[in-house]
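The values are calculated or read from the model by the stated rules, or taken from the named source; none is laboratory data. What you see is a predicted model; the values in this text were computed from it and never measured. Neighbour counts are summed over all protein chains in view; Cβ atoms, including those assigned to glycine, are modelled from backbone coordinates with ideal geometry. Note: accessible area is taken over every heavy atom of the protein model, side chains too, but ligands, DNA and RNA are not part of it. Shrake-Rupley method; radii C 1.70, N 1.55, O 1.52, S 1.80 Å.
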Amino acid sequence: MILIFGGTTEGRLAVEVTELAGKPYFYSTHDGMQQVNSTHGTYISGGMDAVAIASCCKEQEIRLIIDAAHPFASALHQNIATAATLLRLPVIRLERHYPPKDSRIIWCHNYGHAIQLLNAHHVNCLLALTGVKTIERLKEYWTQHDCYFRILDRDASREILRHTGFPPARTLTYSDEGRIDGLLSTLHPQAILLKESGATGGFSEKAQAALEQGVKVFAIERPTLPSSFHIATGRFSLRRMIEQLLPDFFPLRSGITTGTCAAAAAKAALASLLSGTEQRTVQITLPNDEEITLVAEHIHCDKHCATATVRKDAGDDPDVTHGTLIVARVKYASHPDIAITGGEGVGRVTLPGLGIPVGEAAINPTPRRMIVQALQQLYQGGLDVEISVPEGKALAEKTFNHRVGVVGGISIIGTSGIVQPFSNEAFIDAIRREVQVAVATGIRHVVLNSGARSERIVKQQFPHLPAQAFVHYGNAIGETLSIACQEGAETITLGLMIGKAVKLAEGHTNTHSHKVLMNTEFLKTLAADAGCSAKAVTQIGQLKMARDLWNTLNERDAPLFFTALLQRCHEHCRTCVSTPCTLQLMLISDEEKIEYTIP
């Protein structure tokens with residue numbers, strides 16, 4: 001059983017992740033105004049000290065605590081740590097993203113220190129954006145100077161005002177604010193006071209608006225967290241940490257891509273080279289800016305070169321590279337760049353269309369960026385990096401790499417850095433749980449996407465929909481459509497990349513590459529029936545990859561072919577849903593645009 005302390009955006013994220021397990025858990029907030037909709041969670045309202053937390057954990061047989069409370073809830077953080085230490089329970093802190101500290105900002109250790117610095121800088125008019133609960137802490141300042149506070153327009157906030165004696169005329173509500181720069185122009189404060197609330201709290205936007213208007217910015221540093229907490233920084237890292245600390249909670253384990261392994265191995269090698277000692281544990285930043293911790297198994301280091309290996313963990317996804325060692329060799333270079341090459345077991349690109357120049361190592365763009373980012377966190381000079389996979393050549397025989405022009409080994413891939421367990425019954429159950437949560441929260445329009453990339457693109461069309469409305473189908477298109485209708489979705493939008501569309505158009509509602517490949521004979525017939533030119537039909541028959549369709553067809557043939565393709569997809573999808581359900585399909589290009597829509 002898991003106990004989540006929330007009341008924040010991070011608390012809602014923790015619920016979204018935990019709901020996927022389909023198991024009961026508890027969600028606690030300080031007051032009843034911060035509830036979340038859930039299927040499996042039990043809500044607890046009211047503040048708890050360390051004794052109450054320990055008692056709750058014993059009574060409910062809690063095995064793991066997730067602290068997703070506000071970063072400035074320092075008393076709660078300490079109470080959680082005290083109770084967890086007493087009961088020997090692990091605690092995951094779901095932390096926010098914090099930008100690097102800006103030297104233009106005047107940093108304050110606490111509110112007393114802030115008052116000292118405000119006086120030292122002769123600030124006589126202040127806009128405090130630190131919340132109604134900080135009015136009492138700043139009383140020494142506002143009783144002597146002009147000060148404005150922004151508060152929530154609710155009875156609890158007004159009660160605090162009455163208690164502290166702060167003049168109501170000097171308060172602003174969120175509804176009064178509009179844009180922060182407009183508020184600054186109206187009030188003309190000499191300075192603003194912020195809390196280091198991170199990206200969720202809009203810290204950077206507020207600070208930048210003030211600095212652009214010549215207004216001084218003072219900021220209270222976020223409190224230090226208990227050292228016993230395990231830190232997660234987002235959806236993926238939270239799930240992986242739960243899997244590690246509570247292995248039986250999720251029905252399936254997530255994994256890491258070969259690209260993430262390569263970045264971790266490279267960083268471990270460089271860290272060891274720089275320090276002269278083995279540095280096995282490293283933090284890697286994923287493409288969505290989350291951080292995960294990985295451990296290298298083997299490190300060899302001399303004065304000029306270091307080698308490290310990380311073992312690929314695909315979780316419970318069927319992947320031929322699971323358990324394979326990914327090796328990175330890093331050495332100092334005379335040139336100023338980070339040059340990445342492929343060694344033993346990494347394939348070479350022989351055909352265009354993969355986004356990698358012909359002749360180069362099959363290390364995809366996202367892993368390359370991850371490797372560069374990981375190394376530049378430690379070193380700014382030139383480096384030569386070689387990625388190798390000792391078993392890669394043999395593993396490549398079990399893949400379809402040869403069909404896309406990758407020879408001699410496997411590809412180093414991964415767009416998100418994380419492997420989601422897509423291809424089995426438990427994943428279908430997870431999809432059903434996601435849809436159930438969406439419908440339970442009042443959502444009737446569900447948007448289905450194959451993964452993070454297509455979701456990001458389609459999401460732009462529906463900015464009004466909450467996060468729960470977007471569900472990943474992986475390859476299980478047909479089953480996901482059926483589930484969405486069965487659970488009560490009234491409108492379904494399906495986002496399709498071209499690789500899945502060419503398989504779905506032929507009637508394959510499960511598009512996993514282990515089950516079905518692109519059929520050029522079918523596509524040629526489809527093109528001919530759609531009225532495409534004979535040249536287009538011939539060109540389609542020569543394709544090795546579906547993505548090449550975008551660059552192959554001319555202006556006349558392209559709309560004929562893609563419209564017919566999407567229409568076929570729509571026909572096959574319609575067989576998976578009940579009649580009352582509205583079904584919309586969107587075809588997404590490699591340029592990350594929605595090119596065609598039906599209806």
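Between SER334 and ARG104, the contour length at 0.36 nm per residue exceeds the alpha carbon distance by 79.2 nm. Given R0 = 51 Å, the distance between the Cβ atoms of HIS113 and ARG280 translates into a calculated FRET efficiency of 0.85. Taking amide H as placed 1.01 Å from N in the peptide plane, the amide H of ILE151 sits under 5 Å from that of LEU172, THR173, TYR174, each at least 5 places away or on another chain.
Per-residue surface analysis assigns ARG93 an accessible area of about 0 Å², computed on protein heavy atoms at 1.4 Å probe radius.
Rg then Dmax, both in Å and based on the Cα atoms of region 7-64: 11.4, 30.
Would you please classify the overall shape of region 125-187 from the alpha carbon gyration tensor, given that a ≥ b ≥ c denote the square roots of the eigenvalues, rounded means a/c under 1.5, and beyond that prolate means a/b larger than b/c while oblate covers the rest? Verdict is oblate for region 125-187.
Its convex hull of Cα atoms gives region 199-281 a direction-averaged projected area, equal to a quarter of the hull surface, of 9.5 nm². Its alpha carbons considered, region 11-126 gives a radius of gyration followed by a Dmax of 18.3, 56 Å. Remark: the ASP181-SER74 segment gains 35.5 nm on full extension, using 0.36 nm per residue and subtracting the alpha carbon distance. Treating r as the C-beta distance of ARG556 and PHE462 and R0 as 30 Å, the FRET efficiency rounds to 0.40. Per-peptide packing, taken as the mean over residues of other Cβ atoms within 10 Å, places 185-198, 115-128 in the sequence 185-198, 115-128 from highest down. Report note on the peptides 43-49, 73-79, 249-255, 106-112: ranked by the mean count of other C-beta atoms within 10 Å, highest first, their order is 249-255, 73-79, 106-112, 43-49.
Accessible area per residue (1.4 Å probe, heavy atoms of protein chains only) ranks ARG369, ARG12 as ARG369, ARG12, with the largest value leading. Using a 1.4 angstrom probe, figure out how much accessible area the chain has per residue, in square angstrom, rounded to the nearest whole. The answer is 44 Å² per residue. In summary, the convex hull built on the alpha carbon positions of the chain has an orientation-averaged projected area of 30.9 nm². By definition, a body whose alpha carbon gyration tensor gives a ≥ b ≥ c is oblate when a/c is 1.5 or more and a/b is not larger than b/c, and region 270-330 fits this oblate description.
On the basis of the beta-carbon distance and an R0 of 25 Å, CYS56 and GLU136 show a calculated FRET efficiency of 0.30. Derived scalar couplings between HN and Hα for region 88-95 equal 6, 9, x, 10, 9, 9, 7, 8 Hz in order, rounded to whole Hz, by the Karplus curve 6.51 cos²θ - 1.76 cosθ + 1.60 (θ = phi - 60°), x for Gly and Pro.
On a per residue basis, the convex hull of the C-alpha atoms belonging to region 145-238 measures out at 161 Å³.
Report summary: the helix-based calculation at 222 nm, which adds -39500 (n - 2.57) for every DSSP H run with n ≥ 4 and divides by the residues of the chain, gives -10000 deg cm²/dmol.
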